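Presented below is the structure to which this report refers.
A short reminder: the numbers here are calculations on the coordinates, not readings from a lab. Here the structure is a predicted model, which is why all the values come from computation and not from measurement. For neighbour counting, all protein chains shown are included, and Cβ atoms are generated from backbone atoms with ideal geometry for every residue, glycine included.
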Amino acid sequence: MKEGFDENGEPTLTELDDYKGTHSAEKRRVIRWVIVSGLVLGVFYAMARYYFWNAGEEELNIVQSQKIIAY
């Protein structure tokens, strides 16, 4: 059995980089791109929602005194 691995061949927690708090430069870059792309997609969604907010058919003007009663 290799040092730092359990009986199933998987690394133990103390051998993982995340457990020690040290991250590789590549991992930091990936995390940064995930956050930036999420923010960009969120801004794009918000702009599209604002632009298309009133698109579609107009609302029907139903007199409030008329009600549909279902039994």
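Compute the distance in nm between two label points, each set 7 Å from the Cα along the Cα-to-Cβ direction, one at ASN54 and one at TRP33. The two pseudo-label positions are separated by 4.1 nm. Between VAL43 and LEU16, the modelled labels are 3.3 nm apart [label points 7 Å from Cα along Cα→Cβ].
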